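One structure coming up, written as C-alpha cells, with questions to follow.
Derivation of every value follows stated rules applied to the coordinates shown; laboratory data play no part. Not measured: the values here are computed from a predicted model. Note that each Cβ is placed from the backbone with ideal geometry, even for glycine, and that neighbours are counted across all protein chains shown.
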Amino acid sequence: MSADRIVPMPILLYHKVGRPPAGARVPGQYVSPGLFRKHLAHLKQAGYAPVSLLDLAWPTPLPERPLAITFDDGYRCLHEHALPALREHGFTASVFLVVEGIGKTNTWEQAVGDVAEPILGLDEIRAMQAAGVEFGSHTLTHPHLTALAPEVAAREITESRARLEDLLGAPCLSFAYPYGDWDARLRDLVERAGYRVACTTRRAGVRPEDDRLALPRINIRRYNVLPRFRYKLWRASRA
C-alpha cells in the first residue's frame, strides 16, 4: 500500500484494562474488560487490521485500514484481561514497559498519592511476547524527561533499551515518552539510542510527514463507550 493511502492511521493508547479501585486518582485510565472487548469487536467489524509500530519505520506494505494498539506502563491487568481479548479478536499490541517496575508496582504513581497497581512480571511478559505482543521501553523509572539533566535522561532512554533486550532476548526498537513529555533534544537522544519509532500523546492520526520518533496517538478512556470511541476514530482520520 502506498504511503499516501495508509494515513491518517490511528494508534490507540490504553493504560489499564480493569475496573478502577477505590482511591484511584485517574479512574479514566481503567477501561473495563467488557468495553475493551467491544472496542476490539468494533475495530474488527469496521475492517481495521492490526499492524506493528515498527511497520512504520520501514517501507512495509500495510493493509487497507491499518491500526496499532499500544499500552503504556505495563500493568499486570494486561495479561489477565487484555491478552485474552486481543487473541479472541485477532489483534496484537505494543506494551511500553517501565523497566525498573517489572514485577513490582507503579511507584511513580504512588509517589503522587495514587493506589498501588502491580506491574507485569517477567513470566507474564514472556507469555505475552510468545502470543505476539511486542514490548518497547517507557524508560527505567517513568520520569518527566524534560526535567532531567541530559546525562540522566540519556541513561533512562539508553539503559532501559539495553536491559529490555537482555530480558526479552529480542531487539527493543520502540519507545514511548512518559507523560508525553518530550522535546527536540529528547527526540534526538531517542534516535541516538537506536530506537526506530517513538510515541507521544499528541492526539491525531499518523500522516506520512510525521516524525517516526514523535508519533501521535489517540488516548482511550473508560468513558469512551462505542459512540464516543467511533467518534475518536473518525476525528483522527481527519486530524
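Taking the Cα centre of the chain as origin and charging only Cβ (+1 Lys, Arg; -1 Asp, Glu), how large is the dipole, in debye to the nearest 20?
So the dipole magnitude of the chain works out to roughly 1140 debye.
Please report the equivalent ellipsoid semi-axes of the stretch 1-152, computed as sqrt(5 x eigenvalue) of the Cα gyration tensor, largest first, in whole Å.
27, 20, 14
Under 20 Å from the Cα of Lys44, which lysines turn up, not counting those fewer than eight places away in the same chain?
Cross-link targets: Lys232.
Further question on the same structure: Could you tell me how far the Cα centroid of the stretch 84-162 sits from the Cα centroid of the stretch 12-27, in Å?
16
Run through the DSSP bridge list for the stretch 3-236 and note the antiparallel percent, rounded to the nearest 5. Can you show the working numbers first?
Values: 3 of 27 bridges.
Taking every DSSP beta bridge within the stretch 3-236, about 10 percent pair in antiparallel fashion.
Out of residues 5 or more away from Thr105 or on other chains, whose amide H comes under 5 Å of its own, with H placed 1.01 Å from N in the peptide plane?
It is Ile119, by chain and number.
Which of Glu156, Glu80, Glu209 ends up with the largest GNM mean-square fluctuation for the chain, with Cα atoms connected below 10 Å?
Of the options given, Glu209 has the highest mean-square fluctuation.
Using θ = phi - 60° and the Karplus relation 6.51 cos²θ - 1.76 cosθ + 1.60, list the HN-Hα couplings for the stretch 220-236 in order, rounded to whole Hz, with x at every Gly or Pro.
For the stretch 220-236, the Karplus curve yields 9, 10, 5, 8, 7, 5, 3, x, 5, 4, 4, 5, 4, 5, 4, 4, 5 Hz.
Return the long-range amide H neighbours of Lys16 (sequence gap of 5 or more, or a different chain), with a cut-off of under 5 Å between placed amide H atoms.
When sequence neighbours closer than 5 places are left aside, the close amide H contacts are Val31.
Determine the sum of side-chain charges near Leu43: Lys and Arg each +1, Asp and Glu each -1, restricted to other residues whose C-beta is under 14 angstrom from that of Leu43. Present the calculation step by step, with values, prior to reporting the outcome.
Numbers: positive: Arg37, Lys38, Lys44, Arg65, Arg230, Lys232; negative: Glu64, Glu88.
Taking every Cβ under 14 Å from that of Leu43, the sum is +4.
Please give the length that would be gained between Thr107 and Arg203 if that part of the chain were fully extended, namely 0.36 nm times their separation in residues minus their C-alpha to C-alpha distance (nm, one decimal).
31.9 nm
Another question, if that's okay. Testing the spin-label approximation: label points 7 Å from Cα along Cα→Cβ at Tyr179 and Arg230. State their distance in nm.
Inter-label distance under the simple model: 3.7 nm.
Just going by the charge dipole of the chain, with Lys and Arg at +1 and Asp and Glu at -1 on Cβ, which of Pro178, Val133, Pro66 is farthest out on the positive end?
Checking the options against the dipole of the chain, the answer is Pro66.
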